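The values are calculated or read from the model by the stated rules, or taken from the named source; none is laboratory data. Not measured: the values here are computed from a predicted model. In this analysis, Cβ positions are derived from the backbone assuming ideal geometry, glycine residues included, and neighbour counts consider all displayed protein chains. Note: areas computed on protein heavy atoms with side chains; ligands, DNA, RNA excluded. Shrake-Rupley method; radii C 1.70, N 1.55, O 1.52, S 1.80 Å.
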Amino acid sequence: MAILPFIAGEYFVNLGSQILIAVIFASSLNLLVGYAGLTSLGHASYLGLAAYFSAWLSLKFGLDHAVTAPAALLLTTVMGMIFGWIALRATGLGFLMLTLALSQIVWGLGYRWVSVTNGDNGLSGLTRPSPFGVDLDISANFYWFALCITAVCLLAIARLVHSPFGASIRGTRDQPRRMSALGYNVWSIRWFTFVIASFLGAVSGLLYVYFHKYIHPSVMAITVSAEALLCVIAGGSSTLIGPILGAILVVMLKNYASAYVERWNMLLGFVFLFIVVFLPKGMVSARFWRQATPGGKP
């Protein structure tokens, strides 16, 4: 993937950057949906909050990216702690509705709190950082930067889900009562997973605002959360490669289908329907991936 800027034009390099951002976002949601068994429709809040925190601190106080980035990650993670404390009072459909309600509050504030978010006009005039003097305004440089961040995030997720704590996360998904009887604090495990997912969602939010150099309240809409959920389900939940495949599919359809089909969302719906009917475990359950995996398992 690192050689893409050498063999493709700027359009495809920028498309690759968008896919990498979507991969982090979908993989963070997969921690909740796939491994913890907690379906959320409010994950876009963390992407949007991190982007807004970074943009507002930069525009309002003129702070450098070295300050705004850690601050945005910290503030968004704190919000994730609070939202998780509220949403995990319920499970199943109740959890889904609580995450949706919380995200709608954040989305509404994005539109109505004009003095901070600039309302429907959004925040513009933003810049990209220059880590170690590297100019990220160059598309290839930003792509490599996003690729490095994505690789680190995916490695961290892989280490997490294959750790003893990752086993406990899956245990709370499959047998919460048995886990509780064994002495595990099911609520705390789910809450920590929620917080980690919100942090990774914030990382994708920073990359998003760096890429676009603009942020609008629509990024926190339910449709963005639904697209991330679609990436997870279409690719294959509770797998590491599933969200990657799903993110590639959704971003490619958004960029290509929308250029030729006015109602591209309907086409996305048909693709999702096909996957659910014929590949209920996602694209990772396709024959190619089963053959490419040792032991014949996805």
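Tabulated data
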read-out	value
Residue within the range 123-134 that is touching a helix residue (DSSP H, G or I) at 6+ places or on another chain (Cβ under 9 Å), in contact (Cβ under 8 Å) with a residue 12 or more places away in the chain, in a helix (DSSP H, G or I) and open to solvent by less than 30 Å² (accessible area, probe 1.4 Å) present	no
Residue count for the range 65-88, restricted to those that are free of Cβ contacts under 8 Å to residues at least 24 places away in the same chain and open to solvent by 20 Å² or more (accessible area, probe 1.4 Å)	7
Pairs, first closer than 29 Å to Arg173 by Cβ in the range 194-215, second among the aromatic types (Phe, Trp, Tyr) and crowded, with 22+ Cβ neighbours inside 10 Å, C-beta under 7 Å, six or more apart	Ser198/Tyr46; Gly201/Phe25; Gly201/Tyr46; Ala202/Tyr46; Ser204/Phe25; Gly205/Tyr46
Hits in the range 1-53 (condition: closer than 22 Å to Ile215 by Cβ and without any contact (Cβ under 8 Å) to a residue 40 or more places away in the chain)	Phe53
Checking Ile24 against (1) open to solvent by 10 Å² or more (accessible area, probe 1.4 Å); (2) modelled with pLDDT of 95 or more; (3) not hydroxyl-bearing (Ser, Thr, Tyr), the condition it does not meet	(1)
Residues being among the charged types (D, E, K, R), surrounded by fewer than 13 Cβ atoms within 10 Å (Cβ to Cβ) and modelled with pLDDT of 80 or more - total across the range 236-279	0
Helices (runs of 4 or more DSSP H) wholly inside the range 141-221 containing at least 1 residues that are among the acidic types (Asp, Glu) and surrounded by fewer than 21 Cβ atoms within 10 Å (Cβ to Cβ)	164-174
